[in-house]
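My structure is below; once you've seen it, I'll send some questions.
FYI, it's all coordinate maths here, none of it is from the lab. The shown structure was predicted, so the numbers you read here are calculated from the model rather than taken from an experiment. Every residue, glycine as well, gets a Cβ built from its backbone with ideal geometry; the counts of neighbours run over all protein chains shown.
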Amino acid sequence: MKKIWHISLLLLLYAIGVDGQEAGKSLVAIRNLEVAHGENTLFVSMDVDVSALSIATNQEILLVPVLKGERDSMQLPLMIIAGRNRYYYHLRNTPVSGEEILERAGQTDIIHYRTTIPQEKWMTKATLVMDESSCGCRGKGTGKDHRVPLLELVPKVYTPVFLYLPPEVEVVKIREVKGSAYIDFPVNRTEIYEDYRNNPTELRKIRNTIDVVRNDPDVRITSLSIKGYASPEGTYANNTRLAQGRTATLKTYVQGLYHFPDSLILTSYEPEDWNGLEAYVDSTNLKNRNAILGLIRSELEADTKEKMIKSSYPEDYQFLLKNVYPGLRHSDYVVKYTVRTYTSAEDIRRIMKTQPQKLSLRELYIAAQGLEPGSEEYNETFEIAVRMFPEDETANLNAANAAMAKGDLKGAARYLKKAGNKGESIYARGVYAALQSDFEKAEKLFTEASNQGIIEAKEVLQQIIELKNNQY
C-alpha cells in the first residue's frame, strides 16, 4: 500500500530555454508532484508539461530527476525531449532502455513520469531536483546545465495532540489542616498550665492553626478533632486516665477561647502511642533494635511489653524514656472546613498563587482554560493541581500532558504512573511512546485507546503506522 510522504514544496514552475538558460516564453511546468513509499520502495510521480518547449531538429533536452542527500545521491530515469532528427537518431542508433523516456518535441504536451526505486535510509532527508541540459547529440552539451529544485523530502515528524480531561465538579469543597501539640502536664496531672515549660509555644500552634481558618471569609469551620496520646511508661490503666483527661482539658481550653458549640469539637484518645515508638525504634540503630521491635510488635499486653523492654534492655530503655517518650505525649488536632466555590477565572488565578489548597481540581482547570496552551502559566496550573491532589488520576493525566508539552518526559512518566487506565490515559501513554519514537508501542496504545472510543487515537494511528514503517 502506498503512503504519501509529508513534503515541503519548493518551486514547481520554472522556465528553461533550449540552451539550459532561463528564457521568457519557453516553459516546462511540473504538476501533480507526489512522492509516496511502500514498505521498501519509493514512488515518484509527476506530470511534466513540455508543450512550451521549442527545440531545433538536431537538438534535445535532457530532464534528469535526482535525489540529493547530505552525502548520497541517486539519479532517477531520465527524460529526453528531442527534435525530429535527434528523435529518429535515438530510435535507430541509441535506443532508450529501461524506464528512460524518449519523446519527440512538438508531439507530446504532457509526460506522465512514474518511477519506483528501492528506498534507502538517507532518502528520508533528501531533496528532489531536476537537472536539465541541452545537447546537440547525446552526451555533448551545447549549453549550460541547469538544476532546479522541485521539492524537499522531509521525514514525517510526530506532532502530538494532547487531551486534557475536565475534572469532575466538587460539589462541597471539604478541606482540613492538621497539627500536633506537645503540651507539658505535671506528672500524673491533667491540668493545663499555659506558662508551664514549652506550653506557650505549643498552645500558640493550636491557636494559629484555628485562627488562619477562622478568619478567612471564604471558609467555614465544620469540626475540630482532638486526639490525645500518652507514652508507654507506667500502667495502661493510668495512661488511659491521663490521655482521656488531658484531651478533655484541651477541649475545654479551646472552647474557652473560641466559644465553639460543644458539638463542633470531637475528641478521642489513645492511652499509649506504641505506633510512634515503633516508628522511632525502626528508624534508629539502637543496640537491641530488632529485639525491642519484636516486643513492640508482639501480641503481649501493653504493660508486659513495657516491663520486658525496661528489664531486658535497661540501657536502651533509659535512652527511650529520656529522649523519645516525651514526644509520644502529644495531642493531634484536625481542623475541617468548607470553602466557597469560585467561578471567576481571575479570582481562581489570584488564589492559586497564595492559597491553592482552597481550590478544587475543576476550578484549577477553569483557570487554565483562559491561558495560552503550552505557556508557562498554563503548564504551572496543572502542576499546582497535581501537587494539591497528588493521587488524583485526572490531575496526574493533565500534569503528564503539560509535562510532555514542554519536553519534560521524565516528569510525564512519573505522572502517567498515577493516571489510571481510562481511555484518555492510555492515549497519553501512546503520545509518550511516540515522543520517544517507540512507534511499535505507540501503535498498540493508540489502538487500545481507539477501542475505548478516543477519536484522536483513531485519527493518529495511520500517522504512527507510517512513522513505524519509515524506521529502518
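Going toward the positive end of the dipole of the chain, with +1 on Lys and Arg Cβ and -1 on Asp and Glu Cβ, which of SER231, ALA29, ILE265 do you reach last?
SER231
Could I ask something else about it? Kindly express, to the nearest 10 degrees and within the range 0 to 90, the angle between helix 376-388's C-alpha long axis and the longest C-alpha principal axis of the chain.
40 degrees
A follow-up question, please. Scan around TYR269 for amide H atoms under 5 Å from its own, H built in the peptide plane at 1.01 Å from N, and keep only partners 5 or more places away or cross-chain.
GLY228
Now, a different point. Could you pull out which residues in the range 251-287 have an amide N less than 15 Å from a spot 7 Å beyond the Cα of SER180, following the Cα-Cβ vector?
270-284
Then there is this: Angle check, please: helix 345-354 long axis (alpha carbons) against the longest principal axis of the chain (alpha carbons), in degrees 0 to 90, nearest 10.
60 degrees
Work through the residues other than LYS418 whose Cβ is under 11 Å from its Cβ and net out their charges, Lys, Arg +1 and Asp, Glu -1.
Values: positive: ARG414, LYS417; negative: GLU391, ASP392, GLU393.
That sum, taken over residues with Cβ under 11 Å, equals -1.
Another one. Of all beta bridges DSSP finds with both residues in the chain, what is the antiparallel percent, to the nearest 5? Spell out each step's value before the answer.
Working: 66 of 76 bridges.
The antiparallel proportion sits near 85 percent.
For the chain, with only Lys/Arg (+1) and Asp/Glu (-1) charged at the beta-carbon, what is the dipole magnitude about the Cα centre, in debye rounded to 20? Write down the numbers at each step before the final one.
On the way: 59 positive and 63 negative charges, 51 e Å.
Here the chain has a charge dipole of around 240 debye.
Quick one: if you stick a label point 7 Å off each Cα along the C-beta vector at GLN436 and ARG71, how many nm between them?
3.0 nm
If each of ARG31 and VAL161 carries a label point 7 Å out from its Cα toward its Cβ, how far apart are those two points in nm?
Spacing of the two 7 Å Cα→Cβ label points: 3.3 nm.
Another question, then. Which whole-angstrom value gives the distance between the alpha carbon centres of the range 234-257 and the range 407-472?
57 Å
Under a plain spin-label model, where a point goes 7 Å from the Cα along Cα-to-Cβ, how far apart in nm are SER312 and THR267?
3.6 nm
³J(HN,Hα) across the range 99-108 via Karplus (A = 6.51, B = -1.76, C = 1.60, θ = phi - 60°), whole Hz, x for Gly/Pro?
Karplus-based 3J(HN,Hα) across the range 99-108 equals 9, 4, 10, 10, 10, 8, 4, x, 9, 10 Hz.
Then there's this: Add +1 for every Lys or Arg and -1 for every Asp or Glu among the other residues with Cβ under 11 Å from the Cβ of TYR342, and state the total. Intermediate values should be presented prior to the final figure.
Values: positive: LYS173, ARG340, ARG349, ARG350, LYS358, ARG362; negative: ASP218, GLU346, ASP347, GLU363.
Around TYR342, the charge tally is +2.
Determine, from the Cβ-Cβ distance of SER283 and LYS458 and an R0 of 56 Å, the FRET efficiency 1/(1 + (r/R0)^6), rounded to the nearest 0.05. Intermediate results must be reported in sequence, preceding the final value.
Values: r = 52 Å, r/R0 = 0.93.
With a Förster radius of 56 Å, E is 0.60.
Could you tell me the distance between the Cα centroids of the range 153-192 and the range 324-397, to the nearest Å?
The range 153-192 and the range 324-397 have Cα centres separated by 7 Å.
For the chain, what is the mean residue ellipticity at 222 nm derived from helices alone (per DSSP H run of n ≥ 4: -39500 (n - 2.57); sum divided by total residues; nearest 500 deg cm²/dmol)? Before the final figure, lay out each step's value.
On the way: 15 runs with 181 residues, N = 472.
My calculation for the chain gives -12000 deg cm²/dmol from helical runs alone.
Report, in debye and to the nearest 20, how large the dipole of the range 340-470 comes out about its Cα centre when Lys and Arg carry +1 and Asp and Glu carry -1 on their Cβ. The partial results should precede the final answer.
Working: 18 positive and 20 negative charges, 86 e Å.
With Lys and Arg at +1 and Asp and Glu at -1, about 420 debye.
Shifting gears a bit: Quick one: helix 314-323 against the long Cα principal axis of the chain, what's the angle to the nearest 10°, folded into 0 to 90?
Compared with the principal axis, the helix lies near 80 degrees.
With only Lys, Arg, Asp and Glu charged, each at its Cβ (+1 for the first two, -1 for the last two), find how big the charge dipole of the range 372-423 is about the Cα centre; round to the nearest 20 debye. Intermediate results must be reported in sequence, preceding the final value.
Working: 7 positive and 9 negative charges, 74 e Å.
My answer is approximately 360 debye.
Got a sec to turn the phi values of the range 446-459 into Karplus ³J(HN,Hα) couplings, 6.51 cos²θ - 1.76 cosθ + 1.60 with θ = phi - 60°, whole Hz, x for Gly and Pro?
5, 5, 4, 5, 4, 5, 8, x, 7, 4, 4, 5, 5, 5
When the Karplus curve 6.51 cos²θ - 1.76 cosθ + 1.60 is applied with θ = phi - 60°, which whole-Hz ³J(HN,Hα) does each residue of the range 425-434 get, with x for Gly and Pro?
6, 5, 4, 4, 5, x, 4, 4, 5, 5
Another one. Hey, if you drop one equal point scatterer on each alpha-carbon of the chain and run the Debye formula without solvent, what base-10 log of I(q)/I(0) do you get at q = 0.07, 0.12 Å⁻¹?
So the normalised log intensities are -0.65, -1.08.
Could you work out how much longer the chain between VAL334 and ARG147 gets when fully extended? Use 0.36 nm per residue separation minus the Cα distance between them, nm to one decimal.
That works out to 59.4 nm of additional length.
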